[in-house]
1. Consider residue 258 against the criteria (1) at pLDDT 85 or above; (2) exposed (fewer than 15 other Cβ atoms within 10 Å of the Cβ); (3) part of a loop (DSSP other than H, G, I, E, B): it satisfies all of them except one. Which criterion is unmet?
2. Does region 52-63 include one or more residues that are assigned to a loop (DSSP other than H, G, I, E, B), modelled with pLDDT of 80 or more, buried (at least 24 other Cβ atoms within 10 Å of the Cβ) and out of contact with any strand residue (DSSP E or B) (no Cβ under 7 Å at 6 or more places or on another chain)?
3. Could you identify the single residue in 138, 155, 119, 94 that is assigned to a helix (DSSP H, G or I), modelled with pLDDT of 85 or more and closer than 21 Å to residue 420 by Cβ?
4. Can you pull out the helices (runs of 4 or more DSSP H) entirely within region 365-425 that have at least 1 residues that are in contact with a helix residue (DSSP H, G or I) (Cβ under 9 Å, 6 or more places away or on another chain) and more than 23 Å from residue 332 (Cβ to Cβ)?
5. Identify all residues within region 221-238 that are assigned to a helix (DSSP H, G or I) and within 20 Å of the chain's Cα centre (by Cα); write none if there are none.
6. Would a scan of region 345-353 turn up a residue that is in contact (Cβ under 8 Å) with a residue 60 or more places away in the chain and either under 18 Å from the mean Cα position of the chain (by Cα) or surrounded by 21 or more Cβ atoms within 10 Å (Cβ to Cβ) (or both)?
7. Would you call residue 45 part of a helix (DSSP H, G or I), without any contact (Cβ under 8 Å) to a residue 12 or more places away in the chain and either over 24 Å from the mean Cα position of the chain (by Cα) or more than 30 Å from residue 101 (Cα to Cα) (or both)?
8. Only one of these conditions is not met by residue 184: (1) over 21 Å from the mean Cα position of the chain (by Cα); (2) surrounded by fewer than 24 Cβ atoms within 10 Å (Cβ to Cβ). Which number is it?
């Protein structure tokens, strides 16, 4: 009964066109009425408690870091560095896209922003070189969803706050899986492009490569710096966000000199708007999470999954299939907000490591950003590449399958997440 109320109230509110945050609040009210304890005071208190979390302070700083990075020339230099080193290889522009996606993921944490920045720079070059444009756009879209997996990740912060899991450990655990996603895309790209007749860029001289490296060193140092300060406990994730923000501002303004003081206000407003949306979603989700717990929804879900509880791998596989299905209909943030409080008690009861689950859960939701029909990154890339959704989806399939295979490998072999985490920790 409670599961039915939870599902119907949430889907009903969304069907009426309510924003996800308000739909979550309606769902919470429905659960309170079911329990016979409707109290607006409790509702408002839980809403405030959801937003009153120190780790959430990392979100505005990493949002602003991404804005400063794109406006300050950091993104452009990452792409130029990759072009200098691998642009001459057959299919080299695709490898540049993958390389840039991984590096930019380690700076901004925003899939849509990274895909848009890389697509704007590379798709015109790939079109001119004779590459299949839908396939090229599909590669860049798939590369963009690495951003929520590699730290700093807004998605991992959201999961960590809702599930009460160490964000620092989640960040470190996401490094290797994110790199595996990049490797899988590079392999898939080289496989599909092997027979295409495309022109390649001339091989750069060693002096040109060195110049590109020197010009981009400030951009390249940033992602490694974030991982190092987290590994050695120098900064908390929130402090790392502040440091990254200051670093991006100094590099963009005083070293690359592409960021003017007049631009900063616009970037601050943009980051503030994005942050407000995310934090309000988290606050609303915390209300629902509290009511889901008091309504015994996790116990009912656990009972449904009971046949799989004896085998962790089978249970993880079933949960991942469920998340893939939900991800085709819901956007990234709503899926994280809705399913985290429902699934975490089941995961803990089965003895699955919450950090391991969190990384796979966020990776799965990130892949949902490129699964039709809702995937937001697909819409962004369609606009950048000026192609139809059907064309993009046709070009996307090899790379979508590559990332799903990586997800399956991580389900079958948890050591691929936990062993690198142990080393990095």
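1. Only one criterion is unmet by residue 258, namely (2).
2. Among the residues of region 52-63, not one is assigned to a loop (DSSP other than H, G, I, E, B), modelled with pLDDT of 80 or more, buried (at least 24 other Cβ atoms within 10 Å of the Cβ) and out of contact with any strand residue (DSSP E or B) (no Cβ under 7 Å at 6 or more places or on another chain), which makes the answer no.
3. 155
4. Those helices (runs of 4 or more DSSP H) span 389-412, 415-424.
5. Matches in region 221-238: 222, 223, 224, 225, 226, 227, 230, 237, 238.
6. no
7. Yes.
8. (1)
The values are calculated or read from the model by the stated rules, or taken from the named source; none is laboratory data. Computed from a prediction, not measured in an experiment: that's the story for all the values here. Cβ: placed from backbone, ideal geometry, glycine included. Neighbour counts: every protein chain shown.
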